[in-house]
1. Using a 1.4 Å probe over the heavy atoms of the protein chains, calculate the carbon and sulfur portion of the accessible area of the range 151-192 as a whole percent.
2. Heavy atoms only, probe 1.4 angstrom, no DNA, RNA or ligands counted: give me 145, 170 ranked by accessible area, highest first.
3. Might you work out the accessible area of residue 198 for me, using a 1.4 Å probe with all protein chains in place, and round it to the nearest 10 Å²?
4. At residue 112 and residue 216, where each label point lies 7 Å from the Cα along Cα→Cβ, what is the point-to-point distance in nanometres?
5. Counting only protein chains, not ligands or nucleic acids, how are 209, 305, 129 ordered by accessible area (probe 1.4 Å), most first?
6. If you take the square roots of the eigenvalues of the alpha-carbon gyration tensor of the range 61-127 and sort them as a ≥ b ≥ c, do you get rounded (a/c under 1.5), prolate (a/b over b/c) or oblate?
7. What's the FRET efficiency of residue 156 with residue 125 using the Cβ-Cβ distance as r and R₀ = 45 Å, to the nearest 0.05?
8. Express the relative contact order of the range 54-121 as a whole percentage, based on alpha carbon pairs under 8 Å and six or more residues apart in sequence.
Amino acid sequence: MSEQAAVSERVQVPQWLLQPELGMCPCGCVGKRKKGSYLRKTLNGGAGLLRQVMFSDDTARQDGLLQRIDPRVKFLSVIVLLVAAGLARNIATLVAVYAVTLALAAASRLPVGFFVKRVWLFVPIFTGIMVLPATLSVVTHGDVVLTLWHWHGRAEGFTSQGLTSAGLIVSRVAVSISLVVLLTLTTPWVRLLAALRSVGVPRIFILIIGMAYRYIFLLLNTVTDMYQARTSRTIGAAKHDGGARAFLGASGGALFGKANQLSEEVHQAMTARGYRGDAKTLQSFRLRGLDIAAALCCAALAAAILIGDHVLGS
């Protein structure tokens, strides 16, 4: 017996109350499905973002390979690898580096499927769409490998030079994002801020991103609570009229006032407890043999990227 059925039998909850869509057939042949509210979809997306952040915190505390390395070493290593990947001019080199990032994700006990989707479902695909016009012969002249139309007796379409350039850009972006995602998924946020401060990042920058990252989720929870309070007191279907727009404007004003008051109270509480702009952690940074080995491996990998790319280019 499932957990939901056990709860239903114990508290005598009607079965129709447990259905997500009342009076509708799952196949869609009975009843009329209504489009969801854009506000509800936005709040559901925010809730999904909160779940991803909580999942990231869980993965950062696992006993994986990258989790055991000093955050300062990881940050500097990522910077070095980003520079090396930016200087690479061959797709094969970038594909090899991407394979290394997948191996590091697996060694760090990250779900490889989640890691791949988190990288490829956003910026690389968007980048591919942006560079798609550059693959056409009207933009990048070269050898046409796939003819789409003819213009004055001349074949026009995708060129090998344009496809190579687009593949290079997309693969470079994918490798760069993979390295950054590895850093954020394997490092707790507080320790990452402390590492940034220890390597010379300005104090005001650390303060701004720390406060923004921490309290944007608190404000998102406030918006969710306000919306749920509104919907729980609404009888009938929601109406998109003047009253709804007035509620939306009033909610935005109330949220702005809460954010302003919260920022002042939090800053006063932090300064009263001795905060001077530096991120503090309970665990002090200390270089170990594993950290030195990781730094040497990173330097060797960056050198291998540059040398291998030069060999492939020649």
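1. 71
2. From most accessible down to least: 145, 170.
3. Accessible area, nearest 10 Å²: 60 Å².
4. 3.1
5. 129, 209, 305
6. The shape class here is oblate.
7. 0.95
8. Here the relative contact order equals 44 percent.
The values are calculated or read from the model by the stated rules, or taken from the named source; none is laboratory data. This structure is a prediction, so every number in the text was calculated from the model and none was measured. Note that each Cβ is placed from the backbone with ideal geometry, even for glycine, and that neighbours are counted across all protein chains shown. Surface areas here come from the heavy atoms of the whole protein model, side chains and all, with no ligands, DNA or RNA. Shrake-Rupley method; radii C 1.70, N 1.55, O 1.52, S 1.80 Å.
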